[in-house]
1. Check Leu249, Leu228 and return the single one that is free of Cβ contacts under 8 Å to residues at least 40 places away in the same chain, under 22 Å from Leu112 (Cα atoms) and among the hydrophobic types (A, V, I, L, M, F, W, C).
2. Is it true that Arg98 is over 19 Å from the mean Cα position of the chain (by Cα), among the charged types (D, E, K, R) and more than 14 Å from Gly28 (Cβ to Cβ)?
3. Out of all the residues in the range 55-71, which are within 19 Å of Met138 (Cβ to Cβ) and surrounded by fewer than 19 Cβ atoms within 10 Å (Cβ to Cβ)?
4. Search the range 146-166 for residues that are of a type in the set (S, T, N, Q) and pair each with any residue that is within 7 Å of the ligand (Cβ to nearest atom) when their beta-carbon atoms are under 8 Å apart and the residues are at least 6 apart or on different chains.
5. Which of the residues belonging to the range 15-28 are in contact (Cβ under 8 Å) with a residue 12 or more places away in the chain and either within 15 Å of Pro90 (Cα to Cα) or surrounded by fewer than 18 Cβ atoms within 10 Å (Cβ to Cβ) (or both)?
6. Those residues that are more than 12 Å from the ligand (Cβ to nearest atom) and among the β-branched types (Val, Ile, Thr), I need them from the range 148-162; list them, please.
7. Can you pull out every residue in the range 57-84 that is more than 18 Å from the chain's Cα centre (by Cα), in a helix (DSSP H, G or I) and not charged (D, E, K, R)?
8. Out of (1) among the hydrophobic types (A, V, I, L, M, F, W, C); (2) within 26 Å of Asp64 (Cβ to Cβ); (3) touching a helix residue (DSSP H, G or I) at 6+ places or on another chain (Cβ under 6 Å); (4) away from the ligand (no atom under 13 Å from the Cβ), what's the single condition that is false for Val168?
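No value in this document is a laboratory result; all are computed from the given coordinates. Every value quoted in this text rests on a predicted model; they were computed, and no experiment measured them. Virtual Cβ from ideal backbone geometry, glycine too; neighbours counted across all protein chains shown.
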Amino acid sequence: MAVFRDLAALRHWRQGLRGSLALVPTMGNLHEGHLSLVRLAQTRADHVLVSIYVNPLQFGRGEDFAAYPRTLDQDLAKLQEAGCNAIFTPDDSVMYPRGKRDLSLVMPARSLSKVLCGAHRPGHFAGVCTVVAKLLHMSQPQLLVLGEKDYQQYRVLQRMATDLDLPVQVVAGPTQRAADGLALSSRNRYLSPDERSLAPRIFAALRELAQSHGAMAADLAASAAASLVQAGIAVEYLEFRAEDDLRALSRVEAGGRWFIAARLGGTRLIDNVGV
Ligand code: AMP
């Protein structure tokens, strides 16, 4: 497994590659969710490149950029075991050699990026689009593999590829969960034991909501959010939207998806479930 820290080495490897390449971008601290995407990528391309980079551009002020878990040695061992072909682990001087203050940014489509998480994390999706556009130009994969765990991010990036005519196919793999339903996330490690035992209620609520075909989404959301709040889970948003373009839907119907962001103590968790 090749490990590249700088762009020249990555480009040299890329130029010598025969066959198709899939890119799986990550921020590291890898778990079974990330590894499931590596396996999906392996079924769809001849070579798999995983990037590991905690992108400062997508974190807002007061968010967990400094605290975000960095576990490179364990990550590399897991990727080696998974049979990954190459890893790209740039640092800030490779990704943003002229700094971040005066950078050309990729501005995502408003209809997708100003709702849900975008309404609560200004600049987040511009940071995501910018770093992923750079990674795509650097590695030139035919396939970009993302997780449904971050469903809005998947749709924002897919639309970026379309709007900017990027020659890459964007696919998403299903959310991997703990046995009790909690979506796997690097941020789960911030949870106290009490918070961890409450956290599965988030997925349980979504699953129940997804079964209420034909009901008015806003009414269902209000009562589900009230139950979560009563249990000690602060709901940031709980909304039913169309999977393809994230427009709000008034009735629970096929083609829609429930989206939630909630806080347990200081930890912000997101999840989503399709109908
Ligand atoms: P992250 O390292 O959190 O930026 O995530 C990197 C990629 O892994 C993104 O495409 C995520 O959507 C995906 N991912 C994160 N958690 C999961 C999960 N539990 N199941 C599937 N994919 C995931």
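1. Leu249
2. Considered against the rule, which asks whether it is over 19 Å from the mean Cα position of the chain (by Cα), among the charged types (D, E, K, R) and more than 14 Å from Gly28 (Cβ to Cβ), Arg98 comes out as yes.
3. Step one: list which residues in the range 55-71 are within 19 Å of Met138 (Cβ to Cβ), which gives 55-58.
Across the range 55-71, the qualifying residue is only Pro56.
4. Listed pairs, sorted by first residue: Gln153/Leu146.
5. Of everything in the range 15-28, those that are in contact (Cβ under 8 Å) with a residue 12 or more places away in the chain and either within 15 Å of Pro90 (Cα to Cα) or surrounded by fewer than 18 Cβ atoms within 10 Å (Cβ to Cβ) (or both) turn out to be Leu17, Arg18, Gly19, Ser20, Leu23, Val24, Pro25, Thr26, Met27, Gly28.
6. Going through the range 148-162, the residues more than 12 Å from the ligand (Cβ to nearest atom) turn out to be 159-162.
Once the filter is applied, which keeps residues that are more than 12 Å from the ligand (Cβ to nearest atom) and among the β-branched types (Val, Ile, Thr), the range 148-162 yields only Thr162.
7. Hits for the range 57-84 are Leu72, Gln74, Leu76, Ala77, Leu79, Gln80.
8. Looking at each condition in turn, Val168 falls short on (2).
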